[in-house]
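A short worksheet on the structure shown next.
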Amino acid sequence: MKKITLSHVLTFAVILLFAFIMLAPYMWMITTSLKPRNMMGEPPYLFPTFFRFENYQIAWKAAPFLRYYINTLIVAVAVIASRIVLASLAAYSFAIMKFKGRDILFLLFLGTMMIPFQSIIIPSYQLARDFDWFNTYQVLIVPRMVDAFSIFLLRQNFISIPKDYLDAAKMDGCNDWQTLWRIVFPLATPTVLTMSLFTFLFIWNDFLWPLLVANAEKMRVIQVGLQAFSGRYQVEWTYMMAGTVMATILPILLFFLMQKQFISGIMKSGIKG
């Protein structure tokens, strides 16, 4: 049996402290969502002493949260699917195919990650206006279909695939398209799942762009809908917290279900090359 030293105890204590600091806001949010309306004036506490679950029912009926969920899921699934296809094609080109200026082009492409979205939001807004895309699904999906980070993540995984697999595929008569989807892509499944999780969390938490271009009631995504809901209940903190819990529960569950694939994808991706 391994001997427990003082350093082990201190390390564990520090980890517990940071875990508590990270979990405390979420615990307070859940506690507040279960309070009666007339209990907001009392000193705050982290562990629930009341369990007024009807707050969730009231919040659910007060705003079309189901519509917000459906809109967000439609956008997330469409963006994830498009990024899987387009990022795989680009990553294969940058990692496997050889052409003049490939590395320079890849560095230039990575440079787009340093451009903040706020700096291009005005021309993006003008394009959406010119295309008459306001309050449509395409205005939420098309600008998010390509992502430099997704390409980088897959490219770093693709270059780690043994060259023998690629040579064997060529000997069997596979072209680049077949090699990508039959050999390379299946080997990169953990990284693809990681990229999909990143994309889902990004779409789920996206606020500024949907607020500008899709603010109609029927087209609101979950974060914009939650903002409108909080504006409706400026002083009803219990209902606001209930709505916030409902808006965050799905990403948290998804992360717990996919945490093994997420860790595996991170380990297999982007440090080589």
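The values are calculated or read from the model by the stated rules, or taken from the named source; none is laboratory data. None of the values given here were measured: they were computed from a predicted structure. Methodologically, a virtual Cβ is constructed for each residue, glycine included, from the backbone with ideal geometry; neighbour enumeration extends over all protein chains shown. Heads up: the accessible areas ignore ligands, DNA and RNA and are worked out on the full protein's heavy atoms, side chains in. Shrake-Rupley method; radii C 1.70, N 1.55, O 1.52, S 1.80 Å.
Might you tell me the accessible area per residue for the chain, computed with a 1.4 Å probe and given in Å²?
That works out to 59 Å² for each residue.
Take the alpha carbon gyration tensor of segment 57-149, find the square roots of its eigenvalues, order them as a ≥ b ≥ c, and report rounded if a/c is under 1.5; if not, report prolate when a/b exceeds b/c, else oblate.
prolate
Compute a Gaussian network model of the chain, connecting alpha carbons closer than 10 Å, and tell me which residue from F149, F185, F109 fluctuates the most.
Largest GNM mean-square fluctuation: F109.
Greater than 18 Å separation of Cα atoms is the criterion. Which listed pairs, K98/K163; K3/K260; K98/K170, meet it?
Check vs 18 Å cut-off fails for K3/K260.
At 222 nm, what value in deg cm²/dmol follows for the chain if DSSP H runs of at least 4 each add -39500 (n - 2.57) and the sum is divided by all its residues, to the nearest 500?
Values: 14 runs with 182 residues, N = 273.
Calculated at 222 nm, the ellipticity per residue is -21000 deg cm²/dmol.
Rounded, prolate or oblate, given the Cα gyration tensor of the chain, with a/c below 1.5 counting as rounded? Please report the intermediate quantities before stating the final value.
Details: a/c = 2.56, a/b = 1.41, b/c = 1.81.
Note, shape of the chain comes out oblate.
In nm, what is the difference between 0.36 nm times the number of residues separating L212 and V14 and their Cα-Cα distance?
My answer for the length gained is 67.1 nm.
Starting from the Cα of K218, draw a straight line to each of the aspartates and glutamates and keep only those under 18 Å, dropping any in the same chain fewer than 8 residues away.
Reachable aspartates and glutamates: D132, D206.
How would you classify segment 137-184 from its alpha-carbon gyration tensor, with a ≥ b ≥ c the square roots of the eigenvalues: rounded for a/c under 1.5, else prolate if a/b is greater than b/c, otherwise oblate?
The shape class here is oblate.
Can you give the local net charge around D176? Use residues other than it whose beta-carbon is closer than 13 angstrom to its beta-carbon, Lys and Arg +1, Asp and Glu -1.
+3
In the chain, carbon and sulfur make up what percent of the accessible area (probe 1.4 Å)?
Within the chain, the accessible surface is 70 percent carbon and sulfur.
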